[in-house]
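This report refers to the structure that appears directly beneath it.
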Amino acid sequence: MKRALVIIVICFLGFSCGRESSGAAPGFQNGQGPMSRGYVLPDEGQNRRLTVGFSGATGTFIVERWNKDLKVFSGAAQELGADVTVQLSAGGIREQIAQINYMVNQNIDVLVVLAHDTELIAGAIRQVREAGIPVVAYDRLIQGVPVEAYVSFDSKEVGRHYGRALSRAVPRGRYLVVNGSRNDVNSFDISEGLHEIIDPYIASGAVRLVKEIWLEEWSFDEALEKIDAIFRETTDFDAIACGNDSIASAAIQLLSERRLAGQIAIVGQDAELISCQRVVEGTQLMTVYKPIGTLAVRAAQVAVAIAKDGNKPPSDMLLDNHSGAMIPAYLEKTTAVYKDNIDVVIRDGFHSREDVYRNAGMVP
């Protein structure tokens, strides 16, 4: 039944379930095919199809971007000669660990993990590697245990985008910071990058950080509840930094109910469609665009190369994950998207021009 459930989930997400090659998902146009970076994968074993296991916490797939990641990753891996087996866990970290243990016995050649909790998952990952299966951390760097590779975006730079956007728009004022999940190391990197920019303004007295909170999960509902509690005390803010666009959506919804939308500078990340629409409408200052097509394809390249003979492409840097080993990291660049450069998400095919400007009343 578990095997059948995996197949159903893959079909539901809209990509190939068999051994047919589906190619990269449409809509990512800037040379993002599997071989676009010029990596040369080994010729050994070309006649044998590899199996890549992909483990993700289902809760993360509420966020618009994750379905895109999985579709592109699957298509790229299949072009490179690998099938993809997916397990999406609905019960948080415990369910994810149980499903990882299940996948170890499914003859996978490499495991790609989008971790629900980057620390609590360490024991399960250690067992996977002891079974001789290499592990690639996707988007979130697993802590406390060595992994073969980490593929993501530079989260500290995302935080710097936040800080630059807010300090330029509101060089003097009252700030609220709503960080993402405390179970995700990326949240702390984003916060570090943000504070790198705004702390000098705080030290000078130009900016007052009125309140900074953390969420337990990347959850719109949790953000709605916690931000509402703050707004019941005061809405006297000039700027709000949000962990991602879903959290920004919660803040903007609450501000709209108070007829304050557009009066407070708000930033988020992921370039979700609704956030891009709000950027052109003026109710969100900025969103960080992360080229998912490039990231997912690069992850497939790295995973398949490791599965074939362990030879990874050259990494961008080495990162410390508190395991005693330095982890090869493959980090894609991000772009701060404002109203005047919103075309970057349109040119990449991430969203259509018609969709982005749908609520603005005109399509330039």
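Computed from the coordinates by the stated procedures, all read-outs in this text should not be read as laboratory data. This one's a predicted model, so the numbers in the text were calculated from it and none came from an experiment. Glycine gets a Cβ as well: all are built from the backbone with ideal geometry, and neighbour counts include every protein chain shown.
If amide hydrogens are placed 1.01 Å from N in the peptide plane, which non-local residues have theirs closer than 5 Å to the one on ILE240?
The list, which skips near neighbours in sequence, is LEU176, ALA265, ILE266, VAL267.
Compute the Cα gyration tensor for segment 175-294, then decide on rounded, prolate or oblate, letting a ≥ b ≥ c be the square roots of its eigenvalues: rounded whenever a/c is under 1.5, prolate when a/b is larger than b/c in the other cases, and oblate in all that remain. It would help to have the intermediate numbers written out before the result.
Working: a/c = 1.26, a/b = 1.04, b/c = 1.21.
Rounded, because the longest to shortest axis ratio a/c is under 1.5.
Given the C-alpha centroids of segment 179-239 and segment 120-155, what is the distance between them in whole angstrom?
Using only Cα atoms to place each centre, the spacing works out to 28 Å.
What Kirkwood hydrodynamic radius, in Å, does segment 150-198 give when the mean of 1/r is taken over all pairs of distinct Cα atoms and then inverted?
On the way: mean 1/r = 0.0898 Å⁻¹.
Final number for the Kirkwood radius of segment 150-198 is 11.1 Å.
What ranking of LYS308, LYS211, LYS68 emerges when the number of other C-beta atoms within 10 Å of each C-beta is taken as an exposure proxy, fewest first? Intermediate results must be reported in sequence, preceding the final value.
Details: LYS308 21, LYS211 14, LYS68 18.
The fewest-first ordering by Cβ neighbours comes to LYS211, LYS68, LYS308.
I'd like the projected area of segment 68-116, averaged over all directions, using the convex hull of its alpha carbons. Report it in nm² with one decimal. Before the final figure, lay out each step's value.
On the way: hull surface 14.2 nm².
If you wrap the Cα atoms of segment 68-116 in a convex hull and average its projections, you get 3.6 nm².
Return the Rg/Rh value of segment 224-274, two decimal places, where both radii are evaluated on C-alpha atoms and Rh is the Kirkwood radius. Each step should come with its number before you reach the end.
Details: Rg = 10.2 Å, Rh = 11.0 Å.
My calculation puts Rg/Rh at 0.93.
Could you sort the peptides 78-87, 297-306 by per-residue average Cβ neighbour count (10 Å cutoff), highest mean leading? All intermediate terms of the calculation are to be shown ahead of the outcome.
Working: 78-87: 21.5, 297-306: 25.9.
Per-residue Cβ counts within 10 Å, averaged per peptide and sorted highest first, yield 297-306, 78-87.
Sort segment 110-207 into rounded, prolate or oblate with this rule: let a ≥ b ≥ c be the square roots of the eigenvalues of the Cα gyration tensor; rounded if a/c is under 1.5, and if a/c is not under 1.5, prolate when a/b is larger than b/c, oblate otherwise. Before the final figure, lay out the partial values.
Working: a/c = 4.06, a/b = 3.17, b/c = 1.28.
It is prolate, given that a/c is not under 1.5 and a/b is the larger ratio.
To make sure I understand, if each residue's beta carbon is the centre and we count other beta carbons within 10 Å, what order do VAL280, VAL113 fall in, fewest to most?
Details: VAL280 19, VAL113 26.
With the sparsest Cβ surroundings first, the list reads VAL280, VAL113.
In a shell of Cβ-Cβ distance under 12 Å around VAL110, excluding VAL110 itself, what net charge do Lys and Arg (+1) and Asp and Glu (-1) give? If you can, show how the numbers build up before the last one.
Values: positive: ARG129, LYS308, LYS312; negative: ASP83, ASP109, GLU148, ASP309.
Combined, the nearby Lys, Arg, Asp and Glu give -1.
Distance check, please: which entries in LYS226/LYS333; LYS68/LYS339; LYS71/LYS290; LYS290/LYS312; LYS68/LYS290; LYS156/LYS226 exceed 19 angstrom between their Cα atoms? Working shown, then result.
On the way: LYS226/LYS333 31 Å; LYS68/LYS339 23 Å; LYS71/LYS290 16 Å; LYS290/LYS312 23 Å; LYS68/LYS290 12 Å; LYS156/LYS226 24 Å.
As for pairs spanning more than 19 Å Cα to Cα, those are LYS226/LYS333; LYS68/LYS339; LYS290/LYS312; LYS156/LYS226.
Let me know the whole percent of all Cα-Cα pairs from segment 244-300 that are separated by more than 14 Å. It would help to have the intermediate numbers written out before the result.
Working: 833 of 1596 pairs.
Every Cα pair in segment 244-300 considered, those over 14 Å come to 52 percent.
Around TYR357, under 13 Å between beta carbons, what's the net of Lys plus Arg minus Asp minus Glu among the other residues?
Details: positive: ARG278, LYS339, ARG353, ARG358; negative: GLU281, ASP343, GLU354, ASP355.
The answer is 0.
Mind running the shape call on segment 218-364? Use the C-alpha gyration tensor, a ≥ b ≥ c as the square roots of the eigenvalues: rounded below 1.5 for a/c, prolate if a/b tops b/c, oblate otherwise. Numbers along the way, then the final one.
Working: a/c = 3.07, a/b = 1.63, b/c = 1.89.
Cα axes put segment 218-364 in the oblate bin.
I need the per residue convex hull volume for segment 292-364, using only the alpha carbons, in cubic angstrom as a whole number. Intermediate values should be presented prior to the final figure.
Numbers: hull volume 9.7 nm³, N = 73.
That works out to 133 Å³ per residue.
Based on other C-beta atoms within 10 Å, arrange GLU272, GLU212 from fewest to most. Don't jump to the answer; show the numbers that get you there.
Working: GLU272 20, GLU212 14.
Ranking GLU272, GLU212 by Cβ neighbours within 10 Å, fewest first, gives GLU212, GLU272.
How would you rank 335-348, 138-151, highest first, on the average number of other Cβ atoms within 10 Å across their residues?
Details: 335-348: 16.4, 138-151: 22.7.
Ranked from most to least packed, the peptides come out as 138-151, 335-348.
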